[in-house]
Amino acid sequence: MSDPTITFYRLQACPFCERVTRTLDELGLDYRSRFIEPMHSDRDVVKRISGKRTVPAIVDESTGVTMSESANIVEYLERTYGDGGGA
């Protein structure tokens, strides 16, 4: 089995992150979780990948998409990998 192509940047006990986790699990997608610094000003890893320090954020290597904001991520995942998706 190959490495997952989706990397998911998240915080412990973050309800917005849990929303994305549920969607990833419901769609049966393999992903890598990266738990990041809880202190907003220390989230340099997320800032480098998405341009923002907010979570959740994902990087999907198979499509070249990087994004943040849970609603946007859920919509992207469902559109790309859901029943009507192309993957």
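The values are calculated or read from the model by the stated rules, or taken from the named source; none is laboratory data. Because the structure is predicted, anything quoted here is derived from the model rather than measured. Here Cβ is always computed from backbone atoms with ideal geometry, including for glycine, and neighbour counts include all displayed protein chains. Heavy atoms of the whole protein, side chains included, go into the accessibility calculation; ligands, DNA and RNA do not. Shrake-Rupley method; radii C 1.70, N 1.55, O 1.52, S 1.80 Å.
Couple of notes before you dig in:
- Nearest-0.05 FRET efficiency for D3 and F35, computed from C-beta distance (R0 22 Å): 0.75
- Computed [θ] at 222 nm, deg cm²/dmol, the chain (DSSP H ≥ 4; -39,500 (n - 2.57); rounded to nearest 500): -10500 deg cm²/dmol
- Relative contact order, whole percent, for the chain stands at 31, derived from Cα pairs under 8 Å and 6 or more residues apart.
- Accessible area in square angstrom per residue, the chain, 1.4 angstrom probe: 60 Å²
- Tilt relative to the chain, helix 15-26 - C-alpha long axis, 0 to 90 degrees, to 10: 20 degrees
- 13 Å beta-carbon shell around R22, net charge (K/R +1, D/E -1): -2
- Over the chain: Kirkwood hydrodynamic radius from C-alpha pairwise inverse distances, Å: 13.0 Å
- Whole-percent carbon and sulfur share, accessible surface of the chain, 1.4 Å: 48 percent
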